[in-house]
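Comments concern the structure below.
The values are calculated or read from the model by the stated rules, or taken from the named source; none is laboratory data. Predicted, not measured: the structure shown is a model, and the values here were computed from it. As a convention, Cβ positions derive from the backbone with ideal geometry for all residues, glycine included, and neighbour counts pool all protein chains shown. Please note that ligands, DNA and RNA were not included when accessible areas were found on the heavy atoms of the full protein model with its side chains. Shrake-Rupley method; radii C 1.70, N 1.55, O 1.52, S 1.80 Å.
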Amino acid sequence: MGDVARTFHSNSERMAVASAAAWVRSGRKPREHARQYAMFLARAVAIHEQHKLGANWETRSLINSRILSEWLEDVGAGTVPALAMKRIAAEEIRLAARLSSDIEDTFSATVERTLTAVAQAWTDALETIAVAHRSDALVVFNEYDLPASGRGIAEACLTISGGAELHGGNLHWVVTKVPLAFRLMLQEGERGPSGLVLVEEWISNFDVDRCADLLRRVLVAEGIPQASRQVREIKPRVVRVEGRGLRGVELEPSDLPQRPRDGFSMLGVGRGLTVVDFAPFLRG
């Protein structure tokens, strides 16, 4: 995480691309992939067909099971997209050579050329997503409800920018600054969204102290002041240790409901917290 923080510290555009990659990867499903992931997969299959590497079921399965998933994981972790694909291409050529000693240089060149074209198409798509979400934002989210691919981005953002967290039981609320592309992972689901975008402008005003104060005041307003006293400030570029709880002690169930007001709600449906509930504490 420290390496990621150093990589992204002076390049928020790269962090936005990484956030977009994490979002696309979150669309990889066991049966039917989400639209964003399916589009990346279809584009790669089409390029393989154009380069005469075939577009049959085995090719699609290979791209899905290894190439696309690994590339998105590497880019989401901070690797430059072209370098991520270069590593994958070398590995695919090595695997092919291991299966057959008749691999020719022309085949290796075709694989490398094809995957380079695929990487460029995928990179263009990620950069388009990043440009469409150009600014940064202040967000609150429950880290446990994020897609697995988004948790590394969340940790990196907290390491870089600092913020505040409340951690106990099945609840891990975090307030921090993120690339606006991160909001794609906060979409409404069966249990509501995993978080909310609170502010999209003037977020530089929200330092660590103010993030912690915001979270404390919301918890007090929710009638659980005992939980507000457990909010922890996270200073920038401090690598956190997973699983230790707050101040080395897990909160008692009576101190912290698993889901205050049933978590979050973008649409105001049910009893979830919305941006309106946070608004009074965002001013000043």
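Of note:
- Karplus 3J(HN,Hα) series, Hz, for segment 113-121 with 6.51 cos²θ - 1.76 cosθ + 1.60 (x for Gly, Pro): 5, 5, 5, 5, 5, 4, 4, 5, 5
- Phe107 versus Ala46: modelled label distance in nm, points set 7 Å from Cα along the beta carbon direction: 2.8 nm
- Taking 7 Å steps out from each Cα toward its Cβ at Ala279 and Arg94 produces label points 5.6 nm apart.
- Where segment 29-133 is the region considered: accessible area per residue in Å², 1.4 Å probe: 59 Å²
- Counting heavy atoms of the protein chains alone, Glu91 has an accessible area of about 60 Å² for a 1.4 Å probe.
- The alpha-carbon atoms of segment 105-212, seen along their principal axes, cover 59, 32, 25 angstrom, with the largest extent given first.
- Within straight-line cross-link reach of Lys86, lysines at Cα separation under 29 Å, skipping those fewer than 8 residues along the same chain: Lys29, Lys52
- Modelled label positions at Ala148 and Trp202, each set 7 Å beyond Cα in the direction of Cβ, lie 4.2 nm from each other.
- In sequence order, segment 26-31 has phi-based couplings of 5, x, 7, 10, x, 9 Hz under the Karplus curve 6.51 cos²θ - 1.76 cosθ + 1.60, θ = phi - 60°, and Gly or Pro positions carry x.
- Looking at segment 29-133, the pairs of alpha carbons with a distance over 18 Å make up 48% of the total.
- Share of carbon and sulfur in the accessible heavy-atom surface of segment 29-133 [1.4 Å probe, %]: 53 percent
- Cross-link partners for Lys235 among the lysines, with Cα-Cα distance under 26 Å and sequence neighbours closer than 8 places in the same chain left out: Lys177.
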